[in-house]
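One structure below.
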């Protein structure tokens, strides 16, 4: 089974999605819903997806869960919850029956570098991990020093790095990122998403070969059983179509064994997110 481990849905509103800049991201300023994604999944041989939060409000989690309940191809939801709230336990109790809720994410890339080390935030992440949810780590490469300290708090818990930690592919930034990634890969509980690369490259002029050194390093460090394919649709459309993003992974995996391809294209996501595909 092929799983897109990372994509988004939204009903566009300029206030709710103020991170969508009008000057450079105008194509994202519309609704993106399951009816828009399903044909793309079908055309590209993808059987299901994991919907990931794009707003930092509790209603985002409910919005995605409602979509998942109406569309069987949405196999899991990574929602948002206030991890520093004194009411975290009560809020989680409202979601306890939601079988497709598999994890949570906070948009750390927009926070100060030390935010991930806030004791209240760390305690909140511990709470959701102890309840069996996973946590998606969304950061830029320059924030990885703090991430290295952050992950030490959660041995044996399910953590995943989104978008290969957003290295500066456009300008060839790789040296420090390589060091951080190698260190993070020594934690056996951490997985990495092969996603979000085209939007960290030059949106108009990226080439496949620009991405290969980053893919090489991730696979060398994490191995196929700790890597998973993700499209980052519709954000990826800033730099490439769904098909182009899927083709990057297909081309890169073409020389690998069927076992390794199956891991990256679906089995890792199925195992990590504990998706119910029965």
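Kindly evaluate residue 43 against the criterion of being surrounded by 13 or more Cβ atoms within 10 Å (Cβ to Cβ), at pLDDT 95 or above and more than 19 Å from residue 101 (Cβ to Cβ). No.
Scan segment 172-208 for residues that are in a loop (DSSP other than H, G, I, E, B), within 16 Å of residue 249 (Cβ to Cβ) and in contact with a strand residue (DSSP E or B) (Cβ under 7 Å, 6 or more places away or on another chain) and the total you get is 1. Taken together, the residues in segment 223-237 that are surrounded by 22 or more Cβ atoms within 10 Å (Cβ to Cβ) and farther than 21 Å from residue 40 by Cβ amount to 2.
Yes or no: residue 125 out of contact with any helix residue (DSSP H, G or I) (no Cβ under 6 Å at 6 or more places or on another chain), closer than 28 Å to residue 270 by Cβ and surrounded by 14 or more Cβ atoms within 10 Å (Cβ to Cβ)? Answer is yes for this residue.
With respect to (1) surrounded by fewer than 17 Cβ atoms within 10 Å (Cβ to Cβ); (2) in contact (Cβ under 8 Å) with a residue 40 or more places away in the chain; (3) closer than 18 Å to residue 147 by Cβ, the lone exception for residue 212 is condition (3). Here residue 148 does not fit the description of being out of contact with any helix residue (DSSP H, G or I) (no Cβ under 8 Å at 6 or more places or on another chain) and either more than 16 Å from residue 222 (Cα to Cα) or surrounded by fewer than 18 Cβ atoms within 10 Å (Cβ to Cβ) (or both).
For (1) free of Cβ contacts under 8 Å to residues at least 40 places away in the same chain; (2) in a strand (DSSP E or B); (3) within 17 Å of residue 138 (Cβ to Cβ); (4) in contact with a strand residue (DSSP E or B) (Cβ under 9 Å, 6 or more places away or on another chain), each residue gets a yes or a no:
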residue: 40; (1), (2), (3), (4): no, no, no, yes
residue: 49; (1), (2), (3), (4): no, yes, no, yes
residue: 56; (1), (2), (3), (4): no, no, yes, yes
residue: 66; (1), (2), (3), (4): yes, no, no, no
residue: 78; (1), (2), (3), (4): no, yes, yes, yes
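For first residues located in segment 178-206 and touching a residue at least 60 places away in the same chain (Cβ under 8 Å) and at positive phi, partners that are assigned to a strand (DSSP E or B) and buried (at least 16 other Cβ atoms within 10 Å of the Cβ) and lie 6+ apart or on another chain with Cβ distances below 6 Å do not occur.
Against the test of being assigned to a helix (DSSP H, G or I) and touching a strand residue (DSSP E or B) at 6+ places or on another chain (Cβ under 8 Å), the options 275, 270, 211 yield a single qualifying residue, 270. On the stretch given as segment 20-29, residues that are exposed (fewer than 13 other Cβ atoms within 10 Å of the Cβ) and more than 15 Å from residue 239 (Cβ to Cβ) total 2.
Every test in (1) touching a helix residue (DSSP H, G or I) at 6+ places or on another chain (Cβ under 7 Å); (2) farther than 18 Å from residue 28 by Cα is passed by residue 196 save one, and that test is (2). Of the residues that sit in segment 233-250 and are without any contact (Cβ under 8 Å) to a residue 40 or more places away in the chain and assigned to a helix (DSSP H, G or I), which one is farthest from residue 28 (Cα to Cα)? So the residue we want is 250.
The values are calculated or read from the model by the stated rules, or taken from the named source; none is laboratory data. Note that the structure is predicted; figures quoted are calculated from it, not measured. All Cβ positions, glycine included, derive from the backbone under ideal geometry; neighbour counts span all protein chains shown.
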